[in-house]
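Notes follow the structure.
Computed from the coordinates by the stated procedures, all read-outs in this text should not be read as laboratory data. Remember, it's a predicted structure, so these values are computed and weren't measured experimentally. In this analysis, Cβ positions are derived from the backbone assuming ideal geometry, glycine residues included, and neighbour counts consider all displayed protein chains.
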Amino acid sequence: MVDLKPAAADDLAEVVALTNWAYRGTGPQSSWTTESYLDGERTTAEALAADLAGNPRAQVLLWRDAAGELQGHFWLEPAGEDAGYIGLLSVRPDRQDQKLGRTLLAAAEDLARARGYRRMRMTVINVRDTLIAWYARRGYEATGETEPFPYGDDRFGKPLRDDLCFVVLEKAL
C-alpha cells in the first residue's frame, strides 16, 4: 500500500533532488527515463514553489517508505470537470527494478478516482518513445493532441534539439 502525503514547503528541496535525479541523472544509477535531449536541471525549488503558488488546486504528493525515505512523488491537479492531470511522476532510479513507478502510478489513479475524476491526462515529450510505450502498457492512449514545447523557458532545461513537443495521453479511470 502506498501512503501519499501532500508536499509541504520544506519538502520541495527533496522533491527537486529526486526529480532531477530521475529526469537528468547520469552514471550507473541513472534512470531509464533520463531526458538526454535536454541540458540542465528539470526543476528547481523556486520554480516548483512558483508553479504550486500559481496553481492552488495542484499538489505534489509524496510517497515515503516506513523509514521516511522518499520513494517517489507526482503532481496532481484538476484538468476539466472530470479529469485529473498527472505530471512530474518520479521514483528513485536505484529502485526502479522494484516496480515503484507502476505502484506509484496506480496509487495516483486511485487518488484521482477518490477525488471523482473519471479520466487521467498527462503530457510526455514526443521523443520519449520508451516512456510513452510504458504508459501505453498501463492503459494510457495518445489523444492525438499535442502541446508546444516551451522553447525559451529554460526552467525545464535547455533543449538540445528543435523538434520537441508534448503528446497528450489519457486513460479512463
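Computed from point charges on the beta carbon alone (+1 for Lys and Arg, -1 for Asp and Glu), the dipole magnitude for segment 127-173 about its Cα centre is near 280 Debye. For segment 55-144, the list of chymotrypsin sites (Phe, Trp or Tyr not before Pro) that fall in a loop by DSSP and count at most 13 other C-beta atoms within 10 angstrom is empty. Residue by residue, segment 127-139 carries 3J(HN,Hα) couplings of 8, 8, 4, 5, 5, 4, 5, 4, 5, 4, 5, 9, x Hz when phi is fed to the Karplus relation 6.51 cos²θ - 1.76 cosθ + 1.60 (θ = phi - 60°); x denotes Gly or Pro.
Here Asp154 and Ala67 are evaluated by their C-beta separation; at R0 = 30 Å the FRET efficiency comes out at 0.25.
The listed peptides 43-50, 101-108, ordered by packing as a protection proxy, come out as 101-108, 43-50 (highest mean of other Cβ atoms within 10 Å first).
Going by a ≥ b ≥ c, the root eigenvalues of the Cα gyration tensor, does segment 65-173 fall in the rounded group (a/c under 1.5), the prolate group (a/b larger than b/c) or the oblate group? It comes out oblate by the Cα gyration axes. What the phi angles of segment 91-99 give under the Karplus curve with 6.51, -1.76 and 1.60, with θ = phi - 60°, is a coupling list of 10, 4, x, 6, 10, 5, 6, 9, 6 Hz, glycine and proline written as x.
For segment 68-149, the Cβ-based charge dipole about the Cα centre amounts to some 260 debye (Lys, Arg positive; Asp, Glu negative; other atoms uncharged). Taking the Cα centre of the chain as reference, the dipole from Cβ charges on Lys and Arg (+1) and Asp and Glu (-1) amounts to some 540 debye.
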